[in-house]
Amino acid sequence: CVLDGDTVARIGGDEFVVMLPGLHDIDHAAVVADKIIAAIAAPCHIEGAELHVTSSIGIAIFPDDGAEPDTLLRNADIAMYHAKQDGGGRFSFFAPAMQEAASRRLAMGAAIQRAIAGQEFVQYYQPKVSATDGTICGFEALIRWPQADGSYISPSIFIPIAEETGRIEPISAWALQQTATELQRWQHEGVPSVPIAVNLSALQFRRASIAGDLDAAVKRAGIEPGLLEVELTETGLMSNPGLAVEILHHIHELGMSIAIDDFGTGYSSLAYLKRLPIDKLKIDASFVRDITTDASDAAIVLAIITLAHILNMRVIAEGVETGEQVAFLVKNGCDEMQGNYFSKAVTNDEAIGLLRRGPFDLA
Ligand code: C2E
Ligand code: MG
Ligand code: MG
């Protein structure tokens, strides 16, 4: 893809640098980037398997984007990160605004570190409601990061940054500990015990020790492992299916149940779905939102319900907000529902209040 006089170097792991010193027209950098992406995307046949590799390229131009080698490389790296965030398989030119975004991420990473040390995080609980009788059949633990002004930073913003900046471990350990303590408290206070689900990030799932961590938390609190559920996204599952098979079987043998989160938004290998010890599919809120107005969303939800039942799994709809959605889901055999229609995520004391109050009205 390159010419005589250009340089191609591997600078570590899966990172490569291409230097084009003779570039007269900036647009040519895009042409070369396209060629490289296409060449890498061509399938490779290795030991009978067809492998598809995607790449992301960041482009920084000398001297506009950096007069020093370090600056130029760093800015190319920032641009590459953007290309990757946009879904990969593409290139991106460096722009100064990206620099600001990168500094913001770094600053938030440092703030997360302080929040961990200062125990600033709070755990909330959102009920899951049985579509058969309206009883609460579980809760999902959702982390909250309260700010001085009374607002919250959403976990969908800070969890990915915690992952990128290597700070997800302590947050997850804390969330797991909170959940186990809460289950223990319910047991002591004689509250009707239902399972609590914790969210596991894709990164945690690349570590084989996760099952051991879950086991230790349950044992320390002296609770039934069946009261702990784990939620894992499709992307987390499929990012390393080989390892996931092993870990999921281990978790399942410990007696915990496993749900696939945001189902339908990533892509699952149906072959793996069949082989894995998955107990539940969570239909992503984006499909639930328009089930009563959009025929294709309704069809997707029906298909997921059918798929789950054929594979002997339970199925839960996320982000349920209206009575019409509830009616649709109940009528079509969805097992459980979760969403603001019933209750948003609440504090642990409010969760106990909900458990004591009895079933929700489904009609
Ligand atoms: P998720 O696991 O898919 O959680 C569902 C999200 O939908 C939650 O957002 C919840 O508050 C929101 N939600 C629930 N009902 C409704 C509704 O009726 N309408 C709408 N519009 N939204 C609803 P939240 O709490 O902001 O969490 C976002 C994501 O952050 C979660 O998505 C989960 O992936 C992640 N997350 C939360 N807590 C943790 C944690 O402790 N560890 C990890 N690794 N991830 C977490
Ligand atoms: Mg979840
Ligand atoms: Mg979800």
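Scanning region 305-335 for residues that are within 16 Å of ligand 2 (Cβ to nearest atom), of a type in the set (G, A, S) and surrounded by fewer than 22 Cβ atoms within 10 Å (Cβ to Cβ) yields a single hit, G319. In region 221-241 there is at least one residue matching the filter, namely being touching a residue at least 24 places away in the same chain (Cβ under 8 Å), more than 16 Å from ligand 2 (Cβ to nearest atom) and in contact with a strand residue (DSSP E or B) (Cβ under 8 Å, 6 or more places away or on another chain).
So that you can scan it fast, the table gives a plain yes or no per residue for (1) acidic (D, E); (2) modelled with pLDDT of 95 or more; (3) within 17 Å of the chain's Cα centre (by Cα); (4) farther than 17 Å from A110 by Cα:
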| site | (1), (2), (3), (4) |
| --- | --- |
| D133 | yes, yes, no, yes |
| L142 | no, yes, yes, yes |
| Q147 | no, no, no, no |
| S154 | no, no, yes, no |
| I168 | no, no, yes, no |
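Scanning region 205-230 for residues that are farther than 22 Å from C137 by Cα and either of a type in the set (S, T, Y) or open to solvent by less than 10 Å² (accessible area, probe 1.4 Å) (or both) returns F205, S209, I210, A211.
Strands (runs of 3 or more DSSP E) fully within region 1-51 that include at least 1 residues being touching a Gly at 6+ places or on another chain (Cβ under 7 Å) and closer than 26 Å to E68 by Cα: none found. Of all the criteria given as (1) within 19 Å of the chain's Cα centre (by Cα); (2) at pLDDT 90 or above; (3) within 16 Å of ligand 2 (Cβ to nearest atom), the one not satisfied by Q178 is (1).
Within region 52-73, the residues that satisfy the criterion of being under 33 Å from the mean Cα position of the chain (by Cα) and without any contact (Cβ under 8 Å) to a residue 12 or more places away in the chain are H52, D70, T71. Could you list, in sequence order, all residues of region 280-304 that are farther than 17 Å from G339 by Cα, over 23 Å from the mean Cα position of the chain (by Cα) and open to solvent by 50 Å² or more (accessible area, probe 1.4 Å)? Of everything in region 280-304, those that are farther than 17 Å from G339 by Cα, over 23 Å from the mean Cα position of the chain (by Cα) and open to solvent by 50 Å² or more (accessible area, probe 1.4 Å) turn out to be T293, D294, A295, S296, A299, L302.
Could you please find all residues in region 109-153 being closer than 23 Å to T181 by Cα, within 13 Å of ligand 1 (Cβ to nearest atom) and assigned to a loop (DSSP other than H, G, I, E, B)? Across region 109-153, the qualifying residue is only F121.
Apart from one condition, A327 fits all of (1) within 18 Å of T132 (Cβ to Cβ); (2) within 20 Å of the chain's Cα centre (by Cα); the exception is (2).
Contact map, region 298-319: first residue farther than 24 Å from I136 by Cα, second residue part of a helix (DSSP H, G or I), Cβ cut-off under 6 Å, separation 6 or more or different chains; pairs are I300/F287. Of everything in region 182-204 that's surrounded by fewer than 16 Cβ atoms within 10 Å (Cβ to Cβ) and polar (S, T, N, Q), which residue is nearest to L232 (Cα to Cα)? So the residue we want is S193.
The values are calculated or read from the model by the stated rules, or taken from the named source; none is laboratory data. Keep in mind that this is a model prediction, so the values were computed, not measured. Because the Cβ atoms are built from the backbone with ideal geometry, glycine has one as well, and the counts that use them run over all protein chains shown. Note: accessible area is taken over every heavy atom of the protein model, side chains too, but ligands, DNA and RNA are not part of it. Shrake-Rupley method; radii C 1.70, N 1.55, O 1.52, S 1.80 Å.
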